[in-house]
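Just so it is clear, none of the values below were taken in a lab; they were calculated from the coordinates. All figures in this text were calculated on a predicted structure; none of them were measured in a lab. Because the Cβ atoms are built from the backbone with ideal geometry, glycine has one as well, and the counts that use them run over all protein chains shown.
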Amino acid sequence: RHQWQGVIEEYRSLLDIAPDARAVTLGEGGTPLIHAAGLSERTGAEVWVKYEGMNPTGSFKDRGMTMAISKAVQYGAEAVICASTGNTSASAAAYATKAGLTCAVLVPAGKIAVGKMSQAIAHGAELLEVDGNFDDCLTLSRKLAEAYPVHLVNSVNPDRIEGQKTASFEVVDALGKAPDIHVLPVGNAGNITAYWKGYREYREQGLAESTPQMWGFQAAGAAPLVLGHPVDSPETIATAIRIGNPASWNQAIAARDESGGLIDSVTDDQILEAHRLLSSTEGIFVEPGSAASIAGLLKQARAGKIPAGATVVCTVTGHGLKDPEWAIKSADGSALQPTRVSVDAVSAARALGLE
Ligand code: F0G
């Protein structure tokens, strides 16, 4: 019997880590690549969804964090720090706990989902709510990491990118080839950088014949890469990607251009529509930020930009339980309520339309 060993053990020879270095792991990676029949029908493509909500802390961040924390231990760090819209802090807190390190996290006040907040608290992180946005939090974290003995584990740390590139390896391993197009939500732009690195390296190693076009989607109110300039006050209901000045700006543009891809934006309404569609037709529950990839796919399909029969992989980056309030709101904003019944089979049957 084989149990998945986490991304470091599964791909160690392809990662920048010493052969004998201890892996701090919670068994991350090995996430499902799910064929999406409904999305395939709508788009005329073969659409697959890489469900990164199935990682140990519920987002793709765990792939990078197993590397960043394993390396932090090697460097002799005793404390780590990060800025976060929520998922990075949840992941850093969990992996730091596993390694016996102290973890400090800086989050924008009032702008992180409750599920993510509860994770950082549960794992005992030092949690600072900053009167500012994510970009302010990242600036602060970088300053603190320069001036004090705290090791930065945001995606500006190359160890994070190195771990996150394993998602591309898994996609190729599962499909037996690289897809034609890979679609991602984009916030701080670490993940699109990591995927592109992974695809390029697999091709260089002779493990894939081609690389996909990289398609990135930002929320319209937080779309600096689309506008071509930083956004001072980014706004979107998709708090995960509420970022106005991505740290990996140049790398994201390079991924787009080298792959022949695109970076575009989707509105909050389009994000919520995609979120509902994924839940109600594919059985996949994600947080709103994750649905930006699906919203982007549908936008491109409506514009006739998806080649018929193309193999398309959409990454959905975080679990729906992170930020569940959106699921219980209908399109017009009203709350969706269960039907209340007494302990009585006839009334239950009536409520179900069986009587
Ligand atoms: N999706 C989710 C669910 C995220 O949490 C993030 C980023 C992204 C997409 C965008 O990825 O930043 O690599 O372009 N979350 C970071 C955080 C910023 O702090 O958790 P990116």
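Listing for the model above:
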item	result
Highest average packing first - 181-188, 264-271, Cβ atoms within 10 Å	181-188, 264-271
Relative contact order computed over segment 50-126 (Cα-Cα under 8 Å; 6+ residues apart), in percent	29 percent
Gaussian network model of the chain, Cα within-10 Å springs - most flexible of Val153, Val114, Val343	Val343
Computed over the chain, the ratio Rg/Rh where both radii use C-alpha atoms and Rh is Kirkwood	0.98
Rounded D (µm²/s) - segment 61-157, Kirkwood Rh over Cα pairs, Stokes-Einstein at 37 °C, 0.692 mPa s	257 µm²/s
Gaussian network model of the chain, Cα within-10 Å springs - most flexible of Ser233, Ser59, Ser168	Ser233
Measure of compaction for segment 129-235 (Cα Rg per 2.2 N^0.38 Å)	1.27
Label-point separation in nm, Val341 to Thr139, each point 7 Å along Cα→Cβ	5.7 nm
Low-density loop cleavage sites - trypsin sites (Lys or Arg not before Pro) in segment 1-84, where at most 11 other Cβ are within 10 Å (DSSP)	Arg1
Alpha-carbon radius of gyration plus Dmax, which is the widest Cα pair, for segment 195-267 in Å	13.9, 44
Under-5 Å amide H pairs with Leu262, H placed in peptide plane, nonlocal only	Met214, Trp215, Gly216
Residues with amide H under 5 Å from that of Glu126, placed H, sequence gap 5 or more	Cys103, Ala104, Val105
Estimated inter-spin distance, Ala310 and Ala351, nm [label 7 Å along Cα→Cβ]	4.6 nm
Shape metrics for segment 19-77, restricted to C-alpha atoms - Rg then Dmax, Å	16.3, 52
Taking all pairs of distinct alpha-carbon atoms in segment 1-110, Kirkwood radius in angstrom	15.4 Å
Choice from Thr88, Thr43, Thr139 showing the highest fluctuation, given a GNM over the chain with Cα pairs closer than 10 Å	Thr139
In Hz, Karplus ³J(HN,Hα) per residue of segment 166-178 (6.51, -1.76, 1.60; θ = phi - 60°; x = Gly, Pro)	5, 5, 5, 4, 4, 4, 5, 4, 6, 7, x, 6, 6
Reachable aspartates and glutamates from Lys116, criterion Cα separation under 12 angstrom, eight or more residues apart if same chain	Glu287, Asp323
Other-chain or far-sequence residues with amide H under 5 Å of Lys329's (modelled H)	Leu336
